């Protein structure tokens with residue numbers, strides 16, 4: 001029987017996936033993303049991991065950071081899983097630039113706080 005990931009595991013998954021997204025997008029242009037299907041699929045998968053792992057972050061933890069739109073993150077995950085044909089890579093690039101840094105900072109803060117307990 002498989003043990004489900006702990007909160008600590010899921011937070012680590014979020015950080016790792018954000019790091020992957022940043023690496024995937026490093027030195028890329030919209031044109032290079034448009035022609036590199038493998039890179040686009042990796043980007044989408046990393047976003048899917050962020051969204052899926054965030055679903056299991058408890059509400060009381062999420063409530064500590066109201067600047068993060070947790071509902072939109074859930075909606076993005078649903079889009080990636082169920083309406084993959086509608087994914088807009090340009091939109092993912094904007095999310096990576098604007099929304100992921102605060103999410104990563106928040107998750108790193110929670111991990112640090114948990115490690116001090």
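FYI, it's all coordinate maths here, none of it is from the lab. Please read these numbers as outputs of a predicted model, since none were measured by experiment. Cβ placement follows ideal geometry from the backbone for every residue including glycine, while neighbour counts extend to all protein chains displayed.
Based only on other Cβ atoms within 10 Å, what is the fewest-to-most ordering of 82, 13? Don't jump to the answer; show the numbers that get you there.
Numbers: 82 9, 13 18.
Exposure proxy ranking, most exposed first: 82, 13.
Determine, for each peptide in 105-116, 70-81, the mean count of other beta carbons within 10 angstrom over its residues, then list the peptides with the highest first.
Numbers: 105-116: 13.2, 70-81: 15.6.
Result, highest mean first: 70-81, 105-116.
Over region 7-116, what is the relative contact order in whole percent, taking alpha-carbon pairs under 8 Å and six or more residues apart? Kindly include the intermediate steps, with their values, before the conclusion.
Working: 74 pairs, mean separation 40.0, N = 110.
RCO, region 7-116: 36 percent.
Answer with a single label: of [x] -0.52, -1.13; [y] -0.43, -1.21; [z] -0.39, -1.05, which was calculated as log10 I(q)/I(0) by the Debye sum over Cα atoms at q = 0.12, 0.21 Å⁻¹ from the structure in view?
[y]
Given the peptides 31-38, 88-95, arrange them by the average over their residues of other C-beta atoms within 10 Å, most packed first. Write out the running numbers ahead of the final one.
Values: 31-38: 11.1, 88-95: 13.9.
Peptide ranking by packing, descending: 88-95, 31-38.
Using only Cα atoms and rounding to the nearest 10 degrees, what angle (0 to 90) does helix 100-116 make with the longest principal axis of the chain?
Result, in degrees: 30.
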